[in-house]
Amino acid sequence: TAAEAAHLRRGFRLLLRGGAFDSLSRAGFMVLVPFLLIAKGASIATAGFLVTLIFVGGATGKLVCAWIGARFGIIAALLITEILTAVGILGVLFMPLTAALVILPVVGIVLNGSSSLTCGSVPRFIVPGERNRAFGIFYTGTLGAGAISPTLSGALGDVIGMAGAVIVVAGVTLATLPLVLMLRRHLEAEHV
């Protein structure tokens, strides 16, 4: 019906906004983290190695976050991953280099795993006959946000400093939480 289609589209828009914020924060952190590590005393080679640990964690994160989503539900999984991402980003900012080395793979797990959760949720909000269009819009929105984020994060770092830019990135991560909570109400309404 038209009401069901409108309901699905509203849920899709919430999911798209959450995915875009997630992409903004992920790409922003990946641009800033090497410079943050070098500022903490890491050599360029060490910073490169540590960024590699984030990618290794990210590959694992696709599996881990999918398991969390299957076990606890998509909303709980998104809340967990986004909160842990923000905490991890701030941890890397405020911890000494040796502690940052330990948590970076974990940050990578939640930083990159959350994108699998949002992408995997798209089919729940597809209006019949609009699958290709919905995925096209979703990927355009999320990848577009990720594409502009490095420029925004770099410019922000120049204006307010590295620490301030990292704090803003963590804040963007936390900005997904209200959207996730609205999405939860939307999903609950499906079953009423």
Original post:
Just one of 75, 89, 83 is part of a helix (DSSP H, G or I) and open to solvent by 30 Å² or more (accessible area, probe 1.4 Å); which is it?
Top reply: 83
**OP:** Considering every residue within the stretch 59-70, establish whether at least one is open to solvent by less than 40 Å² (accessible area, probe 1.4 Å) and in contact with a His (Cβ under 6 Å, 6 or more places away or on another chain).
**Re:** no
Subject >> Residue that is farthest from residue 116 (Cα to Cα), among those in the stretch 92-102 that are over 17 Å from the mean Cα position of the chain (by Cα), in contact (Cβ under 8 Å) with a residue 12 or more places away in the chain and part of a helix (DSSP H, G or I) >> reply: 97
Subject >> Count of the stretch 165-178 residues which are within 24 Å of residue 11 (Cα to Cα) and open to solvent by 20 Å² or more (accessible area, probe 1.4 Å) >> reply: 6
Original post:
Of 122, 127, 180, which residue is touching a residue at least 60 places away in the same chain (Cβ under 8 Å), outside any helix (DSSP H, G or I) and under 21 Å from residue 6 (Cα atoms)?
Top reply: 127
Original post:
Which residues, counting only those in the stretch 27-44, are in a helix (DSSP H, G or I) and open to solvent by 40 Å² or more (accessible area, probe 1.4 Å)?
Top reply: 31, 35, 38, 39, 44
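The values are calculated or read from the model by the stated rules, or taken from the named source; none is laboratory data. Keep in mind that this is a model prediction, so the values were computed, not measured. Note that we place each Cβ from the backbone using ideal geometry, even for glycine, and neighbour counts take in every protein chain shown. The area values use the complete protein model at the heavy-atom level, side chains included, leaving out ligands, DNA and RNA. Shrake-Rupley method; radii C 1.70, N 1.55, O 1.52, S 1.80 Å.
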